[in-house]
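The values are calculated or read from the model by the stated rules, or taken from the named source; none is laboratory data. Keep in mind that this is a model prediction, so the values were computed, not measured. Cβ placement follows ideal geometry from the backbone for every residue including glycine, while neighbour counts extend to all protein chains displayed.
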Amino acid sequence: NIAALSEHTSLPFIMKMVNDVYKKKDRDIFQKVYQNAPELFLKVLEVDVSKKDPNLIAQAVSTLNNWSQEEMNEEKSDRSDVIRFFNILKSENLQYLRTSQFVQENYRYYQLVPGRYDGNFPISELPKPAI
């Protein structure tokens, strides 16, 4: 398991989306890398993610972002599995953040219909109906 991810609030959402949306092949890759992440990241990226060092994790993310999609599709290897895992994780984490209640209310100003209710709204401010 990835220590930093297991403490994050997005993990249940990510796991549900992976199980419900992705193909079996992608689910198997995600589960394999998630369960063996420290060993695979050390082997592929030469970074020990179990230390939770922000500089090392930033270096790993930068490396993963720089690897192209073609590299992932070329070969069936631990490297391609780690890249696929990272792409799924990044995509679903961004989806989680975009659809979270905090972002919807504080940044997108989304409100459910019919909107805010003000029980103390003065009647004198209502427009007069056209008759």
Notebook entry, point to check: Can you find a residue in the stretch 44-55 that is at pLDDT below 90, loosely packed, with under 14 Cβ neighbours inside 10 Å and within 19 Å of the chain's Cα centre (by Cα)?
Noted result: yes
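Return the only residue of Val44, Val18 being more than 30 Å from Phe102 (Cα to Cα) and among the aliphatic types (A, V, I, L, M).
The conditions single out Val44.
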Notebook entry, point to check: Would a scan of the stretch 57-75 turn up a residue that is farther than 20 Å from His8 by Cβ, part of a helix (DSSP H, G or I) and at pLDDT 80 or above?
Noted result: yes
Next item on the list: For the stretch 5-12, indicate whether the set of residues that are within 15 Å of the chain's Cα centre (by Cα), farther than 13 Å from Phe86 by Cα, buried (at least 17 other Cβ atoms within 10 Å of the Cβ) and polar (S, T, N, Q) is non-empty.
Entry: yes
Item checked: In the stretch 112-126, the residues that are modelled with pLDDT under 80 and among the small types (Gly, Ala, Ser) -> Gly115, Gly119
Item checked: Residues of the stretch 27-43 classified as over 15 Å from Lys76 (Cβ atoms), of a type in the set (Asp, Glu) and either within 21 Å of the chain's Cα centre (by Cα) or surrounded by 15 or more Cβ atoms within 10 Å (Cβ to Cβ) (or both), total -> 0
